[in-house]
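The values are calculated or read from the model by the stated rules, or taken from the named source; none is laboratory data. All values derive from a computational prediction rather than experimental measurement. Heads up, the Cβs are rebuilt from the backbone with ideal geometry, glycines too, and the neighbour counts pull from every protein chain shown.
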């Protein structure tokens, strides 16, 4: 039982520490980064619907003071935005391989 | 400049021109579908998926007995015949409306692709009228009527040297993966053409532009080709673009050249 209480306390302290690292500013910055990458993909016709949705959801969570949820959503938005930019860069190189050879 | 550099430049120039040869592209695509569907004539692809599935073709032909776009053609005819405030009308720009075979074209002055919808609005603006909304009903009705009057005309467009860049952009768009599902247009309409996506048979690239605008049962109304482009984009998780955006016009330009020589059969009905 003592061991359980000790482990639980440690977990609680860890979670508290993680939550303390999150700030409105850090999450906002993450959202801005996702927006910027999304815009980069969008200008070359590679914007993804899901990124925009995640950004909107992250903003809503942040406005609602749900910092952990906003953090999670903005990280996912950042991930999909990055994937869309990667797609646009890769496709510039490989699209020709799909057209039938003359 | 060394001889080696000259050779390299010549090679690169050669590679560039080889990639921008619409007629070679069209012939290669036609060959691709001839090999993929040896029992289907290339011209038959103007009926889309109904050229590839006998059962759905039968249902579609039955529906064509009372085509759902019929009223749209009638309403479009009324709009087409109406006069502008200055006394002129669409006839002054398009004659009897049988002009679709030559759209889209590359406008040398504007240095961009002009689709039929764009030309309709240019005609209006030149007469002092407000342009129509590209996602509105009137422009779909007008183009439905013009598609009807253009039926059986053979697609005959040109890609002048100045238009090659626009054509190439359209081609690149068609063959590029996009969206979260990481699909290009060609994945569905070349590699998987004739196969099923849920309950629907996927149509071939060739013939994609011959029958627009289309009355889709899903939409419960007649709509333009760019609406379908946008919908296709969104189906693979990509953000759709504005109707008549430069990218969609270039895509239409490429796809129309791929159907060069095929008869127009619009408007049409689709599921």
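If you filter segment A:33-50 down to residues that are more than 7 Å from every other protein chain (Cβ to nearest Cβ) and buried (at least 18 other Cβ atoms within 10 Å of the Cβ), you find that the one that is nearest to residue A:89 (Cα to Cα) is A:41. A count restricted to segment A:51-78 and to residues that are more than 9 Å from the chain's Cα centre (by Cα) and surrounded by fewer than 22 Cβ atoms within 10 Å (Cβ to Cβ) stands at 15.
Taken together, the residues in segment B:166-209 that are more than 10 Å from chain A (Cβ to nearest Cβ), part of a loop (DSSP other than H, G, I, E, B) and in contact with a strand residue (DSSP E or B) (Cβ under 7 Å, 6 or more places away or on another chain) amount to 1.
Taking every residue in segment B:72-89 that is over 15 Å from residue B:222 (Cβ atoms) and pairing it with any residue that is in a loop (DSSP other than H, G, I, E, B), at least 6 positions away or on another chain, the pairs with Cβ-Cβ distances below 6 Å are B:84/B:127; B:84/B:129; B:86/B:127; B:86/B:128; B:88/B:127.
Counting only helices (runs of 4 or more DSSP H) wholly contained in segment A:1-90, the ones carrying 3 or more residues that are more than 23 Å from residue B:183 (Cα to Cα) and at pLDDT below 90 occupy A:2-21. Taking residue B:218 as meeting all but one of (1) within 30 Å of residue A:54 (Cα to Cα); (2) modelled with pLDDT of 95 or more, write down the number of the exception. Answer for residue B:218: the failing condition is (2).
Within segment B:247-271, the set of residues being closer than 21 Å to residue A:99 by Cβ and either free of Cβ contacts under 8 Å to residues at least 60 places away in the same chain or in contact with a strand residue (DSSP E or B) (Cβ under 8 Å, 6 or more places away or on another chain) (or both) comprises B:248, B:249, B:250, B:252, B:253, B:261, B:262. On inspection, residue B:260 qualifies as more than 19 Å from residue A:43 (Cα to Cα) and within 14 Å of the chain's Cα centre (by Cα). In segment A:84-99, which residue that is farther than 16 Å from residue A:43 by Cβ and surrounded by fewer than 18 Cβ atoms within 10 Å (Cβ to Cβ) is nearest to the other protein chains (Cβ to nearest Cβ)? Taking the candidates together, the pick is A:98.
Please determine, by comparing only the residues of segment B:256-269 that are in contact with a helix residue (DSSP H, G or I) (Cβ under 7 Å, 6 or more places away or on another chain) and closer than 17 Å to residue B:51 by Cβ, which one is surrounded by the fewest Cβ atoms within 10 Å (Cβ to Cβ).
B:263
If you go through segment B:162-177 one residue at a time, do you hit one that is more than 16 Å from residue B:246 (Cβ to Cβ), surrounded by fewer than 21 Cβ atoms within 10 Å (Cβ to Cβ) and touching a residue at least 24 places away in the same chain (Cβ under 8 Å)? Checking segment B:162-177: not a single residue is more than 16 Å from residue B:246 (Cβ to Cβ), surrounded by fewer than 21 Cβ atoms within 10 Å (Cβ to Cβ) and touching a residue at least 24 places away in the same chain (Cβ under 8 Å). Within segment B:210-236, being surrounded by 20 or more Cβ atoms within 10 Å (Cβ to Cβ) and either within 14 Å of another protein chain (Cβ to nearest Cβ) or over 16 Å from residue B:269 (Cβ atoms) (or both) holds for B:226, B:229, B:230, B:233.
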